[in-house]
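The values are calculated or read from the model by the stated rules, or taken from the named source; none is laboratory data. None of the values given here were measured: they were computed from a predicted structure. Reconstructed Cβ throughout: ideal geometry from the backbone, glycine too, with neighbour counts over all protein chains shown.
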Amino acid sequence: MSELLNRSRSNKTAAGLLIASKEYAPSIHCSYYSFLQTAQHIVLVTQDKTMIDLIREQTVGKNRPTSHVAIKNALVSLIRRKDRLGMPQFVKEFEILKQQRQSSDYGLEIITEDDAVNAQRKSDDLKSKLLKWK
């Protein structure tokens, strides 16, 4: 198993433990990264590339994408080929999870147990769809 998938599983486990400990904000962080690491693994394996390759090919002039943006762009391309109709909904769900992670990391609003459980569920759903499409 790849190191990225191992990290993804560790983040999933950590998210569950954090929810059980009522540490909701960091659990969302872990749920997001659990998804992102699975996505990164699938992108790199299906395209037989490294992250450096992925970022380099998406760089235009001095505009260099972050690793998160490079992964998302590659995912959109991959999913468009596998499920053109499902792609917009997948991207929307990805963006919601990303916004939840940003709010939990940087926002001042209170993160509830429902927020944490919803992020965990969304992460699992997105990973399940990815694994179906790979």
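Values computed for the structure shown
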read-out	value
Qualifying residue in region 108-118 (condition: crowded, with 16+ Cβ neighbours inside 10 Å, touching a Phe, Trp or Tyr at 6+ places or on another chain (Cβ under 7 Å) and not in a helix (DSSP H, G or I))	yes
So Asp53, is it within 20 Å of Lys134 (Cβ to Cβ) and charged (D, E, K, R)	yes
Cβ pairs under 7 Å, 6+ apart, first in region 51-70 and closer than 18 Å to His41 by Cβ, second exposed (fewer than 13 other Cβ atoms within 10 Å of the Cβ)	Ile55/Arg64
Flag if Thr66 is under 15 Å from the mean Cα position of the chain (by Cα), more than 23 Å from Asn118 (Cβ to Cβ), exposed (fewer than 12 other Cβ atoms within 10 Å of the Cβ) and β-branched (Val, Ile, Thr)	yes
Count - residues of region 1-50 that are at positive phi and touching a residue at least 40 places away in the same chain (Cβ under 8 Å)	1
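Residue-by-condition table, conditions (1) at pLDDT 95 or above; (2) part of a helix (DSSP H, G or I):
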| residue | (1), (2) |
| --- | --- |
| Ala15 | yes, yes |
| Ile19 | yes, yes |
| Lys22 | yes, no |
| Ile28 | yes, yes |
| Val45 | no, yes |
| Lys49 | no, no |
| Pro65 | no, no |
| Val76 | no, yes |
| Arg84 | no, no |
